[in-house]
Amino acid sequence: MRQKPLFRPLSAAILGLAALGLAGLVSTAVQAQPVAAAQPTDQVVTAARLLDVRTGKWIDRPSVLVRNGRIVQVASGGNEVAAGPGATRIDLAGMSLLPGLIDMHVHLTSDPSYGGYTRLQFSDRFWSVLMVPHAQRTLAAGFTTVRNVGASAFNDVGLREAISEGKIQGPRVVTAAYSFGATGGHCDSTFFPPSMEQHSDYNADNPEEGRKRVRELRKYGAQVIKICATGGVFSRNTEPGQQQLSETEMRAIVDEAHMWGLKVAAHAHGTAGIKAAIRAGVDTIEHASLIDDEGIALAKQHGAWLSMDIYNTDYTQSEGKKNGVLEDNLRKDREIGDLQRENFRRAHAAGAKMVYGTDAGIYPHGQNARQLAVMVRYGMTPVQAIQSATVNAAAALDSKDVGIIEAGRWADMVAVAGDPTMDVSLLENIPVVIKSGALVKDAR
């Protein structure tokens, strides 16, 4: 049966109103002029000083003008910015202002409280719920941008969308969705017997499969491609030093990703796998635990960034057994922990490009900044450690939106009392967090 047009009831209602002598009201409603769009309210953020992360120098008495969530102008020396009438103000008197921090390696759907097989007591959706408070803690810790390098069921994509829509609070999330690699490798499901038929749907065992995985993941929301070039610490039946994707396979993945405008991150602990990944054109090497002098030279030659998570072994060794982490995984962590830290020192001293990546999720979310002091202990100055989590990370993301307090970028900022360029541990407890100009935390 043919349906009646949906507009007929509305038309009948209007005719009824006219018949009741309300034609003038209807006429007024129909002829009403559109209301002018509300003008954005400017915001002005002031502080005692602002860190220019490009130079590592302090700017005295800054004033930052924010409009529609972005920085419009930065003035110094107590000079006023050109704010419009009715501008709101955030006065951070006596405080040091820095860009919002960036963590290039997190797993927001992971919780270190559940290691080994203890994860199996929960349904799959348990982890998609936990990622919400994890994101909130990360933002409250001053990390306004993160790169989530691996999550099942496209959970990180959904999280990014919910944050972007303003439904929940959290950092800006650059999403990898599923990380992938070889069948039986670190990115596969390796904890179960054949009878359970557990495997990743995104395994890639030849160059063409790798290309297809890039296309599939990009289609459903991946903004960066994460591969596993070597074995890992927290998988079963893999060793960190084992190369698990060939250079030819990685080159195909990188070529495909770059064609689509995506960066590639490679989990790579082992020496051979690190070098193969760099030669294949991978953009960031994750962990880089067993990198040697040749690998460091290759990273410098090819412009690859090293993201070395040199804090989390402290947590794993102190809390891992209690949390259910298997002894074999603890053994691997012990074997590479100190080597990774010394290789971090060597790579930094040699001038390799370094970014801040913590592997948060291996240790508790919200404690991301604890690695800064470890980076200083192993050779960086406090300014260099801060740069790794701001300007360097933005460069590795190829982003002109975050990482620096300057006109055109998102108004993502943090503030602390004292001088973090002298004592970087001040950033472990950040009292003020601003995202897109909004004061999302104020614990002064």
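Can you run phi through the Karplus equation (6.51, -1.76, 1.60; θ = phi - 60°) for region 101-117 and list ³J(HN,Hα) in whole Hz, with x for Gly and Pro?
So the J values, rounded to whole Hz, are 7, 10, 10, 8, 8, 10, 10, 5, 8, 9, 10, x, 5, 10, x, x, 8.
Name the shape class, rounded, prolate or oblate, that the alpha-carbon gyration tensor gives for region 38-144, where a ≥ b ≥ c are the square roots of its eigenvalues, rounded holds for a/c under 1.5, and otherwise prolate holds if a/b is larger than b/c and oblate otherwise.
Because a/c hits 1.5 or more and a/b exceeds b/c, region 38-144 counts as prolate.
Report, to the nearest whole %, how much of the accessible area of the chain belongs to carbon and sulfur atoms, 1.4 Å probe, protein only.
52 percent
For region 199-326, what is the convex hull (Cα atoms) projected area averaged across all directions, in square nanometres?
Mean shadow area of the hull around the Cα atoms is 8.4 nm².
Between residue 406 and residue 205, how high is the FRET efficiency from 1/(1 + (r/R0)^6) when r is the Cβ-Cβ distance and R₀ = 56 Å? Nearest 0.05.
E between residue 406 and residue 205, to the nearest 0.05, is 0.80.
Considering only DSSP beta bridges whose two residues both sit in the chain, what percent are antiparallel, to the nearest 5?
45 percent
Assuming a ≥ b ≥ c are the square roots of the Cα gyration tensor eigenvalues, decide whether region 259-346 counts as rounded (a/c under 1.5), prolate (otherwise, with a/b larger than b/c) or oblate.
Prolate, because a/c is 1.5 or more and a/b exceeds b/c.
If one computes the Cα centroid of region 297-320 and of region 183-216, what distance in Å separates the two points?
Spelled out, the Cα-based centre of one part sits 24 Å from the other.
Helix-only mean residue ellipticity at 222 nm, the chain, DSSP H runs n ≥ 4 weighted -39,500 (n - 2.57), per residue, nearest 500. What is it?
Taking each H run of at least 4 residues, the total per residue is -9500 deg cm²/dmol.
For region 133-283, report the accessible area per residue in Å² (1.4 Å probe, heavy atoms, rounded to an integer).
Spelled out: the 1.4 Å probe surface of region 133-283, per residue, equals 39 Å².
Based on the Kirkwood radius over alpha-carbon pairs, what is the Stokes-Einstein translational diffusion coefficient of region 88-191 at 4 °C with 1.567 mPa s viscosity, in µm²/s?
It comes out at roughly 85 µm²/s.
Search the structure for amide H atoms under 5 Å from the amide H of residue 326, placed 1.01 Å from N in the peptide plane, and list their residues when 5 or more places away or on another chain.
Amide H to amide H, under 5 Å and 5 or more residues apart or across chains, residue 326 pairs with 116.
Roughly how many Å² is the accessible area per residue of region 296-444, as a whole number, for a 1.4 Å probe?
Value for region 296-444: 37 Å² per residue.
Let me spell out the model: positive unit charges on the Cβ of Lys and Arg, negative unit charges on the Cβ of Asp and Glu, origin at the Cα centre of the chain. What dipole size does that give, in debye rounded to 20?
1280 debye
D for region 295-444, whole µm²/s, Stokes-Einstein with Kirkwood Rh over alpha-carbon pairs at 25 °C and 0.890 mPa s: what number?
The diffusion coefficient I find is 146 µm²/s.
Can you tell me the equivalent ellipsoid semi-axes for region 206-255? Use √(5λ) from the Cα gyration tensor, largest first, whole Å.
The three semi-axes for region 206-255 are 22, 14, 8 Å.
Answer with a single label: of [x] 24, 49, 19, 7, 0; [y] 27, 56, 16, 0; [z] 27, 59, 14, 0, which was calculated as P(r) over Cα pairs in 20 Å bins from 0, in percent from the structure in view?
[x]
Past 24 Å, Cα to Cα: identify those pairs from 57/400; 219/263; 57/353; 275/400; 226/322; 226/441, in the order given.
Exceeds cut-off: 275/400; 226/322; 226/441.
Between residue 318 and residue 57, what is the label-point separation in nm under the 7 Å Cα-to-beta-carbon projection?
3.9 nm
Can you give the local net charge around residue 69? Use residues other than it whose beta-carbon is closer than 13 angstrom to its beta-carbon, Lys and Arg +1, Asp and Glu -1.
Overall, the nearby charge balance is +2.
In nm, give the distance between the simple-model label positions of residue 79 and residue 117, each being 7 Å from the Cα along the Cα-to-Cβ direction.
A separation of 6.7 nm, rounded to one decimal place.
What chymotrypsin sites (Phe, Trp or Tyr not before Pro) does region 85-163 have in DSSP loop regions with at most 15 other beta carbons within 10 Å?
The qualifying sites are 122.
The values are calculated or read from the model by the stated rules, or taken from the named source; none is laboratory data. Just so it is clear, the model here is predicted, and its values are computed rather than measured. Here the Cβ is made from the backbone with ideal geometry for all residues, glycine too, and neighbour counts use every protein chain on show. To get the accessible areas, we keep the full protein, side chains included, count just its heavy atoms, and leave off ligands, DNA and RNA. Shrake-Rupley method; radii C 1.70, N 1.55, O 1.52, S 1.80 Å.
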